[in-house]
Structure formats: structure tokens, C-alpha cells
1. Can you give me the number of residues within the range 553-564 that are open to solvent by 50 Å² or more (accessible area, probe 1.4 Å) and either closer than 18 Å to Ala529 by Cα or touching a residue at least 24 places away in the same chain (Cβ under 8 Å) (or both)?
2. Mind counting the residues in the range 370-391 that are touching a strand residue (DSSP E or B) at 6+ places or on another chain (Cβ under 9 Å), part of a helix (DSSP H, G or I) and not basic (Lys, Arg)?
3. Do you know which residues across the range 153-185 are under 17 Å from Leu210 (Cα atoms), in contact with a strand residue (DSSP E or B) (Cβ under 7 Å, 6 or more places away or on another chain) and part of a loop (DSSP other than H, G, I, E, B)?
4. Given the criterion touching a strand residue (DSSP E or B) at 6+ places or on another chain (Cβ under 6 Å) and under 19 Å from Glu531 (Cα atoms), identify the matching residue among Ala609, Ala596.
5. Within the range 83-92, can one find any residue that is out of contact with any helix residue (DSSP H, G or I) (no Cβ under 7 Å at 6 or more places or on another chain), at negative phi and surrounded by 19 or more Cβ atoms within 10 Å (Cβ to Cβ)?
6. Anything in the range 588-618 that is farther than 17 Å from Glu558 by Cα and part of a strand (DSSP E or B)? List them, or say none.
7. Please go through the range 582-591 and give me each residue that is within 41 Å of the chain's Cα centre (by Cα) and either under 18 Å from Asn526 (Cβ atoms) or free of Cβ contacts under 8 Å to residues at least 24 places away in the same chain (or both), ordered by number.
8. Just need a number here: residues in the range 209-234 that are open to solvent by 40 Å² or more (accessible area, probe 1.4 Å) and either free of Cβ contacts under 8 Å to residues at least 24 places away in the same chain or outside any strand (DSSP E or B) (or both).
Amino acid sequence: MPVEQTRTKTLILNVDDNDGARYAKSRILRLAGFEVIEAMHGAGAIQQASDQSPDLILLDTKLPDINGFEVCQMLRANLSTSKILILQTSASFLGSSDKIRALEGGADNYLVEPIESEELIANIKALLRLRQVEGELSESELRFSEIAENIDDVFWMFVPNNGQLLYVNPAYQELFMRDPRTLSADPLDWLNSVHEDDRDRVEALFKGLLNLNPYETEYRLSIGGREKWIGERGYCVKGEGGTASRVARVSQDVSARKQSELQTQTADRRKDEFLATLAHELRNPLGPILHAVQLMGLSQDLSQIEKGRLMIERQTRHLMRLVDDLLDISRITQGKVNIRCVPLSVKTFVMAAVEATQAFLDSRRHTLSVELPEDDLKVLGDVTRLSQVIANLLNNAAKYTVQGGHISLKVSVVGNQINISVSDNGIGISRENIGHIFDLFVQVDHASDRAQDGLGIGLSLVKNLVTLHGGQVCAKSDGVDRGSTFEVWLPILSETSDAEAPQVISQENVLFLKEKAKRVMVVDDNIDATEMLVMALKTLNFEVAYSYDGPSALVLAESFLPDVVILDIGLPGMTGYEVATQLRAKEGLSGTRLIALSGYGKAKDRARAIEAGFDHHFLKPAAVNDLLPYLTKSR
């Protein structure tokens with residue numbers, strides 16, 4: 001093994017079987033400031049080279065055991081000695097073939113003796129300088145490789161004019177999804193990943209780069225039906241004398257930025273469309289109002305004056321609805337909407353919405369079918385706002401269905417949720433639009449027999465108001481001219497819920513809960529019930545942990561430190577009462593809010609829960625909407 005040591009001088013191994021010649025060369029080398037070790041035959045030279053790792057070997061061709069040509073080949077074949085500089089010498093020059101043989105065998109140079117001392121030292125120093133430059137270049141290449149092969153951008157290097165690829169980093173395969181090996185045979189293979197609409201332009205820019213014309217551009221890749229946006233810069237790499245010896249490209253995935261730009265452009269376009277629509281919608285009622293006022297000033301006919309008055313009233317109410325919608329969406333976006341939630345019959349707000357929209361439905365000659373369940377289902381909600389939700393959906397269905405269409409309103413129960421669906425046989429929704437239908441200021445095509453109207457905020461209001469009630473809303477359509485269905489999902493209010501008094505839920509608080517998620521721990525031996533409750537809480541952005549028994553819950557609570565624990569009373573082994581008592585005794589958990597879930601709802605059961613340390617008691621099954629107002633830190 002080579003000796004690991006710190007050298008202050010260059011170490012040279014002098015190999016020669018002639019004592020006099022070896023001595024003379026060693027003396028010259030030492031006088032020049034080199035450190036010298038010696039060997040008299042080939043085997044010794046190989047051993048010394050392996051043990052001492054000299055910087056250079058001065059190797060005579062004629063040796064008693066192995067000739068110098070073979071020694072050189074053996075040194076080059078050994079990994080530990082392959083990088084050592086070898087200066088081969090010969091006392092007799094037999095011909096150019098010997099020099100060629102030496103150089104092809106791995107020698108770095110070949111000299112014929114007798115050698116002048118100045119010539120010997122000059123050759124050695126030249127070889128050492130060359131090795132130093134090679135080392136620096138190798139280190140530079142290593143640093144370049146470490147950087148280039150660990151970045152996400154694709155780096156390319158080409159020969160100008162002929163376009164030969166010199167280098168491309170591993171990111172190429174990841175970004176362009178093509179085998180880099182094919183670039184050796186076809187340097188333009190990467191163009192196959194470029195979108196066909198951009199391909200000719202990008203190819204022209206690249207060929208211009210080969211003629212030393214830099215560029216900066218963006219284009220699309222089309223891979224497996226998916227598009228990526230690429231930002232690319234092509235530039236010249238200048239060598240000695242300032243002339244371009246190479247050309248390079250850097251290709252970067254800018255899809256995220258392009259998506260952000262597209263969203264900004266879309267938002268700007270929707271804003272402009274909204275302002276134009278707002279101006280149109282505000283002017284529409286003003287014309288009839290102005291005409292009616294003028295008529296009332298000119299005519300003495302009481303019937304005409306009354307007709308004008310009624311027109312003014314209708315158009316003013318229309319203006320009021322527009323302003324109300326604008327104010328509602330403004331308050332919602334600022335988080336300032338409050339809803340007054342009380343136990344509310346679904347039939348109450350659904351039929352209120354039907355009554356409010358019946359005149360418009362009749363004016364469009366639509367038939368409306370209403371299907372309600374026999375049971376008096378209840379939700380915790382604001383009657384005005386929920387009526388507004390259903391009315392908006394009914395108006396929307398009427399507006400986007402050609403006159404004489406059919407609209408159905410159906411209320412059903414699915415699990416512990418109420419599903420309210422509004423379906424029509426109208427113009428439907430395209431695949432491109434359905435994902436954005438609830439976005440602010442979005443409007444799709446109108447029915448062919450009706451001019452487009454509205455501000456594009458109705459469905460956004462619906463989504464936000466339903467969310468405030470702890471529900472969800474979705475849209476479905478099989479496509480254009482295939483009708484559409486809008487579904488509202490709301491949690492059923494359990495009959496034994498604590499929510500007997502009106503509750504004011506502010507949007508500000510709901511948004512705070514969503515943005516500043518609290519830590520909630522659920523403990524219940526019913527696996528299905530636990531999983532559903534955990535999923536619902538995570539959907540509301542709570543950080544949730546869960547356990548199926550009392551002992552593991554106590555251990556989990558010490559590490560999780562929940563703000564709220566929703567705890568089943570009837571746990572196996574250790575009851576919920578015992579778990580609650582021990583939680584209250586633990587340091588750091590004394591202020592945790594404890595909510596009991598129980599199958600028993602008598603007064604004595606509630607009293608026992610409070611005595612054990614619970615803050616609230618709910619009868620199973622408890623809807624998430626019932627629990628939500630109590631999922632806060634403060635007790």
C-alpha cells in the first residue's frame with residue numbers, strides 16, 4: 001500500500017541497473033532540489049512505486065529482469081500507480097520505433113542518454129507542470145460535475161457549427177423524459193419532446209446558437225399528454241483570446257411560474273369582465289326608471305302613473321339585489337359575515353326559497369318538481385342564508401335552461417348528512433368550466449333565448465355560505481347541453497344536541513379555525529366512527545391524533561398535548577370518566593377542553609361527566625357541525 005505522508009519536496013524514483021549512471025542522475029536531481037529514491041531492477045521499481053507513490057519515475061529501458069517497456073505497462077495497469085509520471089530513458093537509441101513503443105506503453109516522455117543535466121531537469125519540470133495543470137483541470141471538472149449533476153435545470157454543452165453534444169447533465173432525462181444516450185447518434189432527439197406548435201421556432205433558435213447567435217426563450221414540452229413550460233437561455237462560451245469555443249444551453253422548468261402568471265391573467269380578465277358586466281347590469285334598470293319618471297311628469301293618467309310607479313319599484317328592487325350581492329361577497333372575502341344558527345327545519349328554508357323564486361320560474365315557463373322527505377329533518381343554520389343558497393341555485397337553473405325546461409329540487413338523507421340537489425335539463429357545463437364554476441366572477445354561456453345577465457358572484461356566494469354552515473357544495477354535468485346538478489351537503493342536527501339556544505357563528509372565527517388549526521385528540525373504541533370523525537376534523541384543518549382505548553390515550557396525550565379531547569365514555573377496560581380524571585391530573589393538560597361522547601343522555605349522565613372533569617357532554621352520534629363551536633383552546 002502507498003505510504004501516506006506529507007511531502008515538502010517532489011519525490012522521484014530513479015530506476016537504472018548501471019550504478020554509475022544511476023548515481024549521476026540521482027546527484028543531478030538532488031542538486032535540483034528533488035527528493036530521490038532508487039531501484040536497480042524492474043521488480044524493485046514496481047514495488048517502490050506501489051509503496052512510496054513517487055511523483056515521477058525516471059525509468060531506464062534496459063533492466064536485468066524486466067525491460068523498461070514492460071515495467072511501464074505494468075505500472076499503468078495497476079490502479080495505485082497508473083497516474084505516476086514516467087520519463088523513460090535509453091542509453092542507446094535504436095530507432096523511432098522504440099520511442100513510439102515507449103510512449104504507447106504509457107511513458108509520458110522518452111529521452112536518449114547521454115542526457116545533459118539541464119535537459120533532464122527541464123523535461124522533469126515540464127512534466128510536473130503539465131501534471132499540475134491536469135490536476136487543476138480535473139479538480140475544476142469535478143467541481144463542475146458536482147454542481148451540474150445535482151441541479152434540476154438541464155445544462156448542455158455543444159461544439160459550434162456541427163452541433164456535436166459534449167455534455168448534458170442527468171436532469172435532461174427527468175425534464176425531457178428521453179434517454180440521453182440517443183443524443184450521441186442524434187443531437188436533435190430532444191426536439192421530439194417539444195410541443196409541435198413550438199418545435200420549428202425552437203429548432204431555428206438552436207441552429208442559430210450553433211452559429212454563435214445567443215437567445216432566450218420559453219416553450220412547451222408535450223410528454224404523455226401533459227405540458228411543461230421551459231425557460232431556456234442559449235449562450236456562447238468564450239475560450240482563450242475571447243473567441244467562442246463552445247455553446248451552451250440552460251433549460252429550466254418554469255411551469256409553476258407560468259401557471260401563476262396564467263392565474264393572474266385569468267383573475268385580471270375576470271375582473272375586467274365583471275366591471276363591464278356590473279356597468280351593464282347597473283345601467284339596465286336605470287333606463288326604465290328614467291323613462292318612468294319622465295312619463296310620470298308628463299302624464300296626468302293615473303293608470304299610467306301607477307304603471308310607472310310599479311316599474312320603478314321592480315327595477316329598484318333589482319338594483320337592491322345587485323347591491324346586496326356585492327355587499328355579501330365583499331363581506332365574505334373580508335371575513336365579516338355572521339350567521340345566526342338555530343335548529344332549523346329543512347322544509348322551512350327550502351320552501352322559502354321555492355316561494356321566492358316561483359315568479360321567475362313561471363316567467364320562464366319552467367316546471368318545478370319538489371321532493372321532500374316525510375321526516376322533519378333539522379340542521380343548525382341561518383334560515384335567511386340557507387334560503388338564499390337554495391334560491392340562488394334555483395334562479396341559476398332557471399336562467400341557464402331554455403324556456404319550458406324542467407327543474408327538480410330533491411332533499412334526501414345520506415348517512416348523517418342532508419343532500420339538497422337542484423337539477424335541470426339546461427345548457428350544462430363544459431369540462432373546462434366545471435372546475436371553476438364556484439370561482440368569483442365566473443360566468444358560463446347563457447341559454448340561447450336569454451341575454452347573459454348577473455355578476456358571476458351567485459355561485460361563489462353559495463359556496464361560501466354553505467361552508468360557513470359546515471357543509472359542502474358541488475356541481476355535476478355530463479357536458480354542454482346535457483343539463484347540470486348542484487348538490488348542497490349539510491350535517492343533520494341530532495335531536496339531543498346541546499345546540500338548543502341560537503348560536504352566532506362568525507366567518508372570522510371559522511376562518512381562524514381553518515388557518516390556525518387546533519390540536520384535537522379523538523378517543524373511541526368504534527374504529528369506523530373514529531376514522532370518520534378524524535377525517536372530518538382534518539378536512540377542517542385541525543391537527544388530529546386518535547386512540548382506541550384509555551391507557552394508550554393517556555400516553556398519547558402526554559406527547560401530543562391536545563387542546564381538545566373528544567372522548568367516548570364507554571371505553572373497554574378504562575372508562576372515559578377515568579381517562580378524563582387522569583387527564584385533568586396531568587401536568588400541561590389541566591386546561592385541555594374535554595368533550596364527552598355518550599350513548600346515555602339523561603341529566604344524571606351529564607352531571608357525572610361534568611363531575612369527572614368534562615366540559616361538555618354530547619349524545620352519540622354527534623355531528624361535526626355540533627362539535628365545531630366547542631373546538632377551541634379556551635374552556
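The values are calculated or read from the model by the stated rules, or taken from the named source; none is laboratory data. Note that the coordinates shown come from a computational prediction; the quantities given were computed from them, not determined experimentally. All Cβ positions, even for glycine, are placed from backbone atoms using ideal geometry, and neighbour counts span all protein chains on display. SASA here: full protein model, heavy atoms, side chains in, ligands and nucleic acids out. Shrake-Rupley method; radii C 1.70, N 1.55, O 1.52, S 1.80 Å.
1. So in the range 553-564, the residues open to solvent by 50 Å² or more (accessible area, probe 1.4 Å) come out as 555, 558-559, 561.
Narrowing further to those that are either closer than 18 Å to Ala529 by Cα or touching a residue at least 24 places away in the same chain (Cβ under 8 Å) (or both): 558, 561.
Qualifying residue count for the region: 2.
2. First pass over the range 370-391, keeping only residues touching a strand residue (DSSP E or B) at 6+ places or on another chain (Cβ under 9 Å): 370-373, 375-386, 389-390.
The next check asks that each one be part of a helix (DSSP H, G or I); those that pass are 383-386, 389-390.
From what is left, the residues that are not basic (Lys, Arg) are 383-384, 386, 389-390.
Number satisfying all stated conditions: 5.
3. Val159, Pro160, Gln164
4. Values: Ala609 fails: under 19 Å from Glu531 (Cα atoms).
The unique qualifying residue is Ala596.
5. yes
6. Ile595, Ala596, Leu597, Ser598, His616, His617, Phe618
7. Initially, the range 582-591 is screened for residues within 41 Å of the chain's Cα centre (by Cα), giving 583, 586-591.
Selection gives Glu587, Ser590.
8. Residues meeting the conditions: 9.
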